[in-house]
Amino acid sequence: MGESRQELLQWINSLLQLNLTKVEQCGTGAALCQIYDSIFGDVPMSRVKFNVTSEYAYIQNFKVLQNTFTKHQIDKSIPIEALVKCKMQDNLDFLQWTKRFWDQYYPGGDYDAAARRKGGALPAAMSGTSRASAGSAAARRPGGATPTGGPRVAARAPAASSAATQALQQEVATLKEAVGGLERERDFYFHKLRDIEVLVQGAVEEDPELEKQEDGLIKAIQAILYSTEEGFEIPEADADAADDQETF
């Protein structure tokens with residue numbers, strides 16, 4: 001069973017030199033960002049906003065936290081949409097998991113939370129090799145079992161490179177899927193318009209007088225089919241293809 005709300009608040013306020021009164025206040029994402037900065041020392045705290053009151057600003061803080069999770073290959077999803085609602089249970093659950101993670105990986109030493117919020121550097125005792133050996137520090141801590149969910153803190157340089165590659169691959173896959181969807185939608189509507197054009201051409205062939213009626217339905221449909229936006233020019237290849245279709 002995890003720590004109580006009061007125990008967690010006492011821990012956060014002591015570690016980060018804050019005065020939080022409710023775990024719901026962690027829904028801004030700011031305190032969570034700094035908890036992980038106390039472990040890794042590389043969270044860009046200048047981008048973390050503490051005195052914010054909108055969900056949009058909370059989400060920006062959680063984006064910083066998500067980047068930290070990706071960089072250090074922490075295998076734990078962040079329920080951002082739930083947390084930014086600042087509901088007690090959602091934030092309590094995630095904070096209890098964070099506390100277990102911190103118990104295992106905090107490297108020890110002094111952490112000047114106030115200075116870090118102002119963009120200050122880490123004390124020498126918490127920089128360098130002590131950061132890189134966070135996992136070793138965990139082995140010396142009592143009760144340092146891996147938290148449920150199996151977080152993995154790998155070597156920093158390879159982790160960052162691998163995470164960046166995975167992020168790019170995911171972005172490429174997402175873009176390919178979006179382009180494929182747009183192409184299918186384009187083809188669908190093109191074939192619909194082509195069917196209408198064939199019907200109109202067939203009607204005109206059967207009754208050429210229809211095309212001479214300036215206010216008729218056929219003229220109105222043709223005006224829509226063959227209209228172009230201002231400044232748009234049909235490419236030569238497409239224009240030739242259009243001419244071929246009209247003369248078959």
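The values are calculated or read from the model by the stated rules, or taken from the named source; none is laboratory data. These numbers come from a predicted model, not from an experiment. Positions of Cβ are backbone-derived with ideal geometry, glycine not excepted, and every protein chain shown enters the neighbour counts. Surface areas here come from the heavy atoms of the whole protein model, side chains and all, with no ligands, DNA or RNA. Shrake-Rupley method; radii C 1.70, N 1.55, O 1.52, S 1.80 Å.
Just to verify a number: FRET efficiency for LEU182 and LEU217, C-beta to C-beta distance, R0 = 35 Å, to 0.05?
0.65
Assuming 0.36 nm per residue, please report the length gained on full extension of the stretch TRP97 to TYR56 beyond their Cα-Cα distance.
This chain segment gains 12.3 nm when fully extended.
Which FRET efficiency, nearest 0.05, do ARG194 and GLU171 yield, Cβ-Cβ r, R0 41 Å?
On the way: r = 34 Å, r/R0 = 0.84.
Calculated value: 0.75.
Sort 174-187, 35-48, 80-93, 195-208 by packing, meaning the average of other beta carbons within 10 Å per residue, with the highest value first.
Most protected by this proxy first, the peptides run 35-48, 80-93, 195-208, 174-187.
If I model a spin label at ALA115 and GLU7 as a point 7 Å from the Cα along the Cα→Cβ vector, what separation in nanometres do I get?
Here the modelled spin labels are 3.1 nm apart.
Can you compute 3J(HN,Hα) from phi for each residue in the stretch 64-77, using the Karplus curve 6.51 cos²θ - 1.76 cosθ + 1.60 with θ = phi - 60°, rounded to whole Hz and x for Gly and Pro?
Each residue's phi maps through the Karplus curve to give 4, 5, 4, 4, 5, 4, 5, 4, 9, 6, 7, 7, 8, 7 Hz.
Please list, or write none, the lysines whose alpha carbon is within less than 22 Å of the alpha carbon of LYS87, excluding same-chain residues fewer than 8 places away.
Counting by Cα, and skipping residues close in sequence, LYS87 has these lysines nearby: LYS22, LYS49, LYS63, LYS76, LYS99.
At 1.4 Å probe radius, can you tell me the per residue accessible area of the stretch 42-92 in Å²? All intermediate terms of the calculation are to be shown ahead of the outcome.
Working: 2810 Å² over 51 residues.
Value for the stretch 42-92: 55 Å² per residue.
Could you tell me the relative contact order of the stretch 1-56? Use alpha-carbon pairs under 8 Å, at least six residues apart, and round to a whole percent. Before the final figure, lay out the partial values.
Working: 34 pairs, mean separation 14.7, N = 56.
Reported relative contact order: 26 percent.
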